[in-house]
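A.B. asks: Before I ask anything, here is the structure I am working with.
The values are calculated or read from the model by the stated rules, or taken from the named source; none is laboratory data. Keep in mind that this is a model prediction, so the values were computed, not measured. Ideal geometry is used to build each Cβ from the backbone, glycine not excepted, and the neighbour counts take in all protein chains shown.
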Amino acid sequence: MLIDIALDAMGSDKAPDPELRGAILACRQLPVRVHLVGPEDVLRRGLSAALDGEQLPIHIVHASEHIGMDEKAAHAVRTKRDSSMRIGLKLVREKRAAGFITAGNTGAAMATAKMVLGALPGVDRPALAMVVPTLSGSPSILLDVGANVDCKPQNLEQFAVMGDLYARSVLKINRPRVGVLSVGEEEGKGNDLTRETYALLKQLPINFIGNVEGRDIYNGNCDVIVCDGFVGNVALKTSEGLTKLVREMLKASLTTTVTAQVGALLSRKAFNAFKKRLDPSEYGGAPLLGVRGVCFIGHGSSNDRAIMNGIRVTAEFAQAGINERIEREFAQRPQSLNSNPVGVALQ
């Protein structure tokens, strides 16, 4: 059976071209049916030209508006009631799609998801969880990476619980090591937010290992790294920039130093494997944890491959029933976490 995935066709910086090409790649390679959400006339013209007569399970769902990257999230969500984000998330709420993915405005996506789908009981603010590679070979989870730039200690406490559950459910880590991203390992280091969060996490029945530093994001010493969205997004974007720098420097180095044809071929293969391992487009996007439905948010600069992989991970997440596991286990956590007992979905 095909898995229905709703795709915001107007989300990325160069929309709708990457979304159209990504949807086509996904439907050629994956057991999915993609619902492209956006202005019907624009999408139909673009899809017809891209398919060139090929028949694929791609459907168009009309949405007359879209939310731009430079728009204020709160205002856009209130005023644009026929946005591609809202219509796509309604498909999830109405069970017409198993999940939704957008490469659009992160703040607007979070606010719209919370409004349309509703938050899970006990979750005040959903969090974006990014899976990152590490030197140990096992990935780690960094959250929040941009959904909430201003947080309270209770928010980070909830992020830690959701990250712990996600690591156990998706990464199959039996007892994830959970840490707070700070400027030093000692308990007293950091600002008011990290110090107060430290005190809260010490009381939880999780494997809390204390403060961790920026280098621990990639060295494999911690499985779940918790921070506010401002710090997390800066860390993520810095990492992306550094990754690109290392790739280009390594490529230039190989080009100038390798002369033998066989050596060049082997180096090229190694470089391509290295590039693929660190390429953000291979990860597709980050799940928004804490809402009543599957919602993934990708990078604004997503290309067609990133969109395809975003569709893939959204479908895998939905199939695994991760949200249901998080809701079920979150309900068993201490009552101090349940400051928002009812998540109400709005029209």
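A.B. asks: Report whether or not Gly88 is touching a Phe, Trp or Tyr at 6+ places or on another chain (Cβ under 7 Å) and not assigned by TED's automatic domain parsing to the domain that holds Asn233.
C.D. replies: So Gly88 passes the test.
A.B. asks: Cβ-Cβ distance below 8 Å, separation of 6 or more or different chains: which pairs start in the stretch 310-337 with a residue that is at pLDDT below 85 and outside any helix (DSSP H, G or I) and end on one that is among the small types (Gly, Ala, Ser) and surrounded by 13 or more Cβ atoms within 10 Å (Cβ to Cβ)?
C.D. replies: Ala331/Gly122; Arg333/Gly122
A.B. asks: Out of Asn211, Asn148, report the one residue that is more than 20 Å from Leu289 (Cα to Cα) and among the polar types (S, T, N, Q).
C.D. replies: Result: Asn211 is the single residue among Asn211, Asn148 that is more than 20 Å from Leu289 (Cα to Cα) and among the polar types (S, T, N, Q).
A.B. asks: Further question: Looking at Lys202, Lys189, which is the one that is among the charged types (D, E, K, R) and without any contact (Cβ under 8 Å) to a residue 12 or more places away in the chain?
C.D. replies: Lys202
A.B. asks: Let me ask something additional. With Lys269, Lys237 as the choices, which residue is assigned by TED's automatic domain parsing to the domain that holds Ala160 and at pLDDT below 80?
C.D. replies: Step by step, each of Lys269, Lys237 is checked, and only Lys269 is assigned by TED's automatic domain parsing to the domain that holds Ala160 and at pLDDT below 80.
A.B. asks: Contact list please: Cβ distance under 8 Å, first residue in the stretch 35-50 and closer than 18 Å to Glu65 by Cβ and in contact (Cβ under 8 Å) with a residue 12 or more places away in the chain, second residue of a type in the set (Val, Ile, Thr) and crowded, with 22+ Cβ neighbours inside 10 Å, pairs at least six apart or on different chains.
C.D. replies: Taking only residues 6 or more apart or on different chains, the pairs are His35/Ile5; Val37/Ile87.
A.B. asks: Still on this model: Looking at this structure, is Met110 crowded, with 24+ Cβ neighbours inside 10 Å and at pLDDT 85 or above?
C.D. replies: Answer is yes for this residue.
A.B. asks: Just for the stretch 194-208: of the residues that are in a helix (DSSP H, G or I) and in contact with a helix residue (DSSP H, G or I) (Cβ under 6 Å, 6 or more places away or on another chain), which one is farthest from Val224 (Cα to Cα)?
C.D. replies: Residue satisfying both the conditions and the ranking: Glu196.
A.B. asks: Let me ask another. Looking at the stretch 135-166, which of its residues are closer than 19 Å to Gln332 by Cα, at pLDDT below 90 and either in contact with a strand residue (DSSP E or B) (Cβ under 8 Å, 6 or more places away or on another chain) or not assigned by TED's automatic domain parsing to the domain that holds Asn233 (or both)?
C.D. replies: Tyr166
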